[in-house]
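Structure first, commentary second.
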Amino acid sequence: GIGLTAGAIAVLIETALERLRPGAPRFVGLGKPHPPMYLEARRRLGAGRLLAIGDSLDTDVAGARAAGIDVALLESAVGRWRPGLTPEPTYLLASIEV
């Protein structure tokens, strides 16, 4: 069967199913931080240097880095980077102004 849900809900469902039935099917991650989303963006945009911009180390930075794409972390209440933390963004942004 096919099931779609947010990542946190998928973990909850997988944990419950595994307790009831070891070896139960698992979700395939398609969103951040799983590389397929970033790799598809690279395929659609073609050759050249790409830059992802995000505000979360665990999803935005981790996903882009796993796919070999440079990433700028927009520091916010969601994500702050300090030396020694991983994953490490390529660039840090204090803000985005238009």
Item to check | Extension gain from Ser56 to Asp70, taking 0.36 nm per residue of separation minus the Cα-Cα distance | outcome: 3.6 nm
Checklist outcome for this item: SASA check, Ile53, accessible area w/ 1.4 Å probe, all protein chains in place, rounded to nearest 10 Å², comes out at 100
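Quick check on the range 50-98: take the gyration tensor over C-alpha atoms, sort the square-rooted eigenvalues as a ≥ b ≥ c, and tell me if it's rounded (a/c under 1.5), prolate or oblate.
Numbers: a/c = 1.75, a/b = 1.16, b/c = 1.52.
Oblate, since a/c reaches 1.5 and b/c is not below a/b.
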Checklist entry - Based only on the alpha carbon positions, what is the Kirkwood hydrodynamic radius of the chain, in angstrom? => result 15.2
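Please list Glu40, Glu75, Glu97 from largest to smallest accessible area, probe radius 1.4 Å, with all protein chains kept in place.
Numbers: Glu40 60, Glu75 40, Glu97 160 Å².
Ranking Glu40, Glu75, Glu97 by accessible area, largest first, yields Glu97, Glu40, Glu75.
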Checklist entry - Ignoring any ligand, DNA or RNA, what whole percent of the accessible area of the range 52-91 comes from carbon and sulfur when the probe is 1.4 angstrom? => result 52
Checklist entry - Pulled fully out, how much extra length does the chain show between Arg82 and Leu45, if you take 0.36 nm times their separation in residues and subtract their Cα-Cα distance? => result 10.2 nm
Checklist entry - Rounded to the nearest 10 Å², what accessible area does Leu20 show when all protein chains are kept and the probe is 1.4 Å? => result 150
Checklist entry - Angle, helix 7-20 long axis vs. longest principal axis of the chain, Cα atoms, 0 to 90°, nearest 10? => result 30
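At a Förster radius of 35 Å, what calculated FRET efficiency corresponds to the Cβ-Cβ distance of Ser95 and Ile2, to the nearest 0.05? Don't skip to the answer; put the middle values down first.
Working: r = 40 Å, r/R0 = 1.15.
The pair Ser95/Ile2 has a calculated efficiency of 0.30.
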Checklist outcome for this item: Largest-first ranking of Arg49, Arg80, Arg42 by accessible area, probe 1.4 Å, whole protein assembly kept, is Arg49, Arg80, Arg42
Checklist entry - Counting only heavy atoms of protein chains, what accessible area per residue, in Å², does the chain have with a probe of 1.4 Å? => result 73
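The values are calculated or read from the model by the stated rules, or taken from the named source; none is laboratory data. If you're wondering where the values come from, they're calculated on a predicted model, not measured in any experiment. Every residue, glycine as well, gets a Cβ built from its backbone with ideal geometry; the counts of neighbours run over all protein chains shown. Side chains are part of the model used for accessible areas, which takes the heavy atoms of the whole protein and leaves out ligands, DNA and RNA. Shrake-Rupley method; radii C 1.70, N 1.55, O 1.52, S 1.80 Å.
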